[in-house]
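A.B. asks: Structure provided below as structure tokens; questions to follow.
Read-outs: derived from the displayed coordinates by stated rules, not from any lab. Everything numeric in this text was worked out from a predicted model, so none of it was measured. A quick note on method: Cβ atoms are made from the backbone with ideal geometry, for glycine too, and the neighbour counts reach across all protein chains shown.
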Amino acid sequence: MVKRPPNPAIMLRSTVDVLLTGLPVHFRADGETSAIGARVARDGPVSLTKTGFAGDRVADPSVHGGPDKAVHFYPAEHYAAWREDFLEGGLQPHSLLERLGGFGENIAGEGLTEDRVHIGDRFRIGTAIVEISQGRQPCWKIDHHFGLRGMTAGVIRTGRGGYYFRVIKEGEVAQGDIIEQIERPAHGWTVERTFQLLIGGMHRLEGAADALRSLAELEMLAPSWRERAHVLLRSVER
């Protein structure tokens, strides 16, 4: 097991700027459903269990939700970065980038970007304790949600996908609660580095096999991403 030495010097703090939940609704004409655009801000404490917030549900549990994807967190500062990208690309401002919740997240807050947090970092939020389990792997629904081809590719290119928490201790969380880091593992795998290796294509670089082997053995990484590391490792070792 990876040791978790206390180190107050690296502890991070943020605030729940918004907490959103919602149920799947019709998403496109073929009957596909999704909750990505149906989540609304909640006032007051919301119960957080091992499988997520009360009043929140995913449409396809085969690829979304579950204990390792109980809570989707999205760094709030990414919204300004996306607006700047749209401006530089000559695109019209998009309404989904004007408010938090545009990427279907459950929680947004500042100061916890993917390059600052690690797989296995634990945080106290309200009366609950959560742990980062994996980054978010974007899918076609982001393109459809924004009505813009290329948004999913943009998430992969920039690494602005956010990440998931598993719930270590159930409790209640509310907008305005402090997000306080309480533990950090010693392995050094940030969400950004993990995402770039497993999703962003860096497994193709020379010497990636050792890194993939390390991730495949990282117990606190969600099993689906550990399996992805195994698959990519086999592909580079051929």
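A.B. asks: Relative contact order of the chain: what whole-number percent is it, with Cα pairs under 8 angstrom and at least 6 residues apart?
C.D. replies: 26 percent
A.B. asks: Let's test this: bin the Cα-Cα distances of segment 8-187 at 5 Å from zero up to the farthest pair and state each bin's percent.
C.D. replies: Whole-percent P(r) values from 0 Å outward: 1, 8, 17, 22, 20, 16, 9, 4, 1, 0, 0.
A.B. asks: Could you give the radius of gyration (one decimal) and Dmax (whole number) of the Cα atoms in segment 19-69, in Å?
C.D. replies: Answer for segment 19-69, Rg first and Dmax second: 11.6, 36 Å.
A.B. asks: Let me confirm the definition first: pairs of Lys residues in the chain, 8 or more apart or on different chains, C-alpha distance under 18 Å. How many are there? Before the final figure, lay out the partial values.
C.D. replies: Working: LYS50/LYS69; LYS50/LYS169; LYS69/LYS141; LYS69/LYS169.
Lysine pairs meeting the criterion: 4.
A.B. asks: If you rank ARG116, ARG166 by fewest surrounding Cβ atoms within 10 Å, what's the result? Can you show the working numbers first?
C.D. replies: Details: ARG116 16, ARG166 21.
In increasing order of surrounding Cβ atoms, one gets ARG116, ARG166.
A.B. asks: In nm, to one decimal, how far is the GLN92 label point from the ARG234 one, both placed 7 Å along Cα→Cβ?
C.D. replies: Reported label-point gap for GLN92 and ARG234 is 4.7 nm.
A.B. asks: Averaging the inverse of every distinct alpha carbon separation and then flipping it gives the Kirkwood radius. What is it for segment 98-208, in angstrom units?
C.D. replies: It is 15.2 Å.
A.B. asks: In whole angstrom, how far apart do the alpha carbon centroids of segment 5-67 and segment 111-145 sit?
C.D. replies: 11 Å
A.B. asks: Within the set of other residues whose C-beta is less than 10 Å from the C-beta of HIS144, count the net charge using Lys and Arg as +1 and Asp and Glu as -1.
C.D. replies: Within the 10 Å Cβ shell, the charges total +1.
A.B. asks: Still on this structure: Among ALA29, ALA209, ALA108, which one shows the highest mean-square fluctuation when the chain is modelled as a Gaussian network with alpha-carbon springs under 10 Å?
C.D. replies: ALA29
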